[in-house]
């Protein structure tokens, strides 16, 4: 289980949410729904403005951790799986993903998204999860793919049509920003972060008024 | 006109301004000789030039006042506090991030300090195509000299050329290409590499520590958190503005009415046209908001066999101007660094372990920023109450994008890079010079292909002699509304390839002199 912490102790910004969501800006709801139909081999069921789940997942019955405020259960499972696939820190020199509140940061991102975009995002995430049933003939939702298939799914979509590139990019940005914005991830890559105070660099303050006695005139 | 002849001392630190938290009345009525909308490059310079000649100047800035002592040197945090839309401003397709400052001092607070004069051939083209013969290289020279002197603009010394820039310089020289140290507006650079998060120790000569405190020493008043909603006009003349004072919690504190016979619009090339459209003014040509260009940029990273630490040292050191003129390609390449958070977003190294390896090796990466001479094909407008930045890279500009990518890759390999990461959404890497053409041939000019960033919106209130095809006359006043002047990058009738801050400073200085010529004493 990934770490969930008190959102008040973490620092996730609206900027990060906006940046992660930037690719969605070009997809109107109408376009998104229309695109959903063909992106998943014409079989995605769009019912009353939302997705009918194409395939049940064992995860559908798994409870989500307490403390999350904005992610739905299915969105939590999607991001939980995406974090596992995108940030396999075991065996690397990087800060273990379990030590960073990635899912909490994502939850806060979602809470900062404007309502209209939030609705589209929900549809987009459902599409990303469901389309795996047919895209690449996996026969399973994304959350149920094994590691190798899930990785291939991301790579295939990043080279796919505009909608696929957009959605894979959105999911990756959410996950990457939620991990790397935490200063605890910086020491292993030797990123210095803020330095002026640490180095004791004095401020020069305001620059004195310029000498206008030899004024340049055109 | 009122005359203010007293000159106060410039405070050692900070600005004595009015913020939303200082406002107690629900209605404010103010009077000034000149109201300046925006406190960035165009607004601050105009405010100083007018105030030092005795005009009573009021500056209204929509963004907050963040003193440099509160800068965090954390890019994520800085985007949230100092940038337009908290760093999330994009084009309509969502594949171009448009970064602008939104704070007292505007984009000058968060830019990379790069200081170029407008290329001569650009000024000459403006004369030929737009009737701007008053902006010839000879005519503009004294204005460039003036702002360069004021802002301590000088070429980087050798100590300001960090490892990432040394590599680019070595690669370009090996290829026989022209490469030069960048000029920057900075005093005693502390080499922190955090320019785009604001200079915490006031070495960058942004408007926050130069023209704004200077204008205020000459009596100018500055209100932050104050968003102008409408420019007021009567009988074909500008007569003031209406504005709202909004607290940092987003709640309106007060309505403001300003009476002023001179209105200087300098809110930036996105906000300025939106304000004119809201006001229903100065659009007899139908060109308000049109002709948007932005120098769409890419960060072309490469991995070297040794540590580079792209976040250490001066952020940008040298540039390659071999391809500056349109006949040679119309682009420049700037050697630049990057922090770890930004590094995770600049390209696609692959999913899972390949991505983590890329980040583990981030300190081995160096980068090149590409700037192209894009055509003015975009538009800024309102749609259902929301601003829209309608801009796609033109098909005619895509070859320049590819040429800039190719040249960047060639420089990296000449400098000894092991591989070049194409800034695309899909994973694309180049492992040798021989592979460059084949890999780049896979790119198409379609949405969500390349990772684009723009720092230089421009062109949306273009200047020209013909009122039928331009918004602003050659002396800076709108064709349609007397007393309404524009001094920001909206003016530029074509993109200028290079970073535009010095162009804006010089134009604002020149236009201020024109305002003074037309102002009764």
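Before moving on, here are some points about what is shown:
- For the range B:13-25, a tally of residues being assigned to a loop (DSSP other than H, G, I, E, B), more than 14 Å from chain A (Cβ to nearest Cβ) and farther than 26 Å from residue B:261 by Cβ returns 2.
- Residue A:119 vs. criteria over 30 Å from residue B:309 (Cα atoms) and under 18 Å from the mean Cα position of the chain (by Cα): yes
- Residue match in the range B:263-286 (condition: more than 21 Å from the chain's Cα centre (by Cα) and surrounded by 24 or more Cβ atoms within 10 Å (Cβ to Cβ)): yes
- Matching residues in the range A:68-96 - criterion: being away from every other protein chain (no Cβ under 14 Å) and closer than 19 Å to residue B:345 by Cβ: A:79
- For residue B:128, the conditions (1) in a helix (DSSP H, G or I); (2) within 30 Å of residue B:67 (Cα to Cα) are fulfilled apart from (2).
- Out of A:17, A:22, A:35, sole residue that is crowded, with 16+ Cβ neighbours inside 10 Å, at pLDDT 55 or above, under 29 Å from residue B:98 (Cβ atoms) and within 13 Å of chain B (Cβ to nearest Cβ): A:22
- Residue B:29 meets each of the listed conditions (1) over 30 Å from residue B:330 (Cβ atoms); (2) crowded, with 24+ Cβ neighbours inside 10 Å; (3) away from chain A (no Cβ under 14 Å) apart from (2).
- In summary, residue A:205 fulfils each of the numbered conditions (1) at the interface with chain B (Cβ under 7 Å from one of its Cβ atoms); (2) on the phi < 0 side of the Ramachandran plot with the single exception of condition (2).
- Filter pass, residue B:468 being more than 20 Å from residue B:92 (Cβ to Cβ) and assigned to a helix (DSSP H, G or I): no
- Taken together, the criteria exclude residue A:182 from residues that are more than 7 Å from chain B (Cβ to nearest Cβ) and surrounded by fewer than 19 Cβ atoms within 10 Å (Cβ to Cβ).
- Index of the failed condition, residue B:74 passing every other in (1) more than 10 Å from every other protein chain (Cβ to nearest Cβ); (2) surrounded by fewer than 21 Cβ atoms within 10 Å (Cβ to Cβ); (3) in contact (Cβ under 8 Å) with a residue 60 or more places away in the chain: (1)
- Across the range B:275-297, the number of residues qualifying as closer than 22 Å to residue B:384 by Cβ, assigned to a loop (DSSP other than H, G, I, E, B) and in contact (Cβ under 8 Å) with a residue 40 or more places away in the chain comes to 5.
- On inspection, residue B:85 passes the criterion of being on the phi > 0 side of the Ramachandran plot, assigned by TED's automatic domain parsing to the domain that holds residue B:343, crowded, with 18+ Cβ neighbours inside 10 Å and in contact with a strand residue (DSSP E or B) (Cβ under 9 Å, 6 or more places away or on another chain).
- If you filter the range B:310-348 down to residues that are surrounded by fewer than 21 Cβ atoms within 10 Å (Cβ to Cβ) and closer than 20 Å to residue B:417 by Cα, you find that the one that is modelled with the highest pLDDT is B:312.
- Qualifying residue in the range A:156-174 (condition: within 10 Å of another protein chain (Cβ to nearest Cβ), surrounded by fewer than 19 Cβ atoms within 10 Å (Cβ to Cβ) and touching a residue at least 40 places away in the same chain (Cβ under 8 Å)): yes
- In the set (1) assigned to a helix (DSSP H, G or I); (2) within 13 Å of another protein chain (Cβ to nearest Cβ); (3) under 22 Å from residue B:461 (Cα atoms), residue B:97 fails one condition alone, (1).
- Exclusive hit being under 24 Å from residue A:96 (Cβ atoms) and in contact with a helix residue (DSSP H, G or I) (Cβ under 8 Å, 6 or more places away or on another chain), set B:331, B:355: B:355
- Meets criteria (crowded, with 24+ Cβ neighbours inside 10 Å, away from chain A (no Cβ under 14 Å) and either more than 14 Å from residue B:51 (Cβ to Cβ) or over 21 Å from the mean Cα position of the chain (by Cα) (or both)) for residue B:194: no
- Within the range B:398-452, the set of residues being away from chain A (no Cβ under 14 Å), without any contact (Cβ under 8 Å) to a residue 40 or more places away in the chain and in a helix (DSSP H, G or I) comprises B:399, B:406, B:433, B:434, B:435, B:436, B:437, B:438, B:440.
The values are calculated or read from the model by the stated rules, or taken from the named source; none is laboratory data. Everything numeric here is computed off the predicted structure, so don't read it as measured data. Cβ sites come from the backbone with ideal geometry, for glycine too, and all protein chains shown count toward neighbours.
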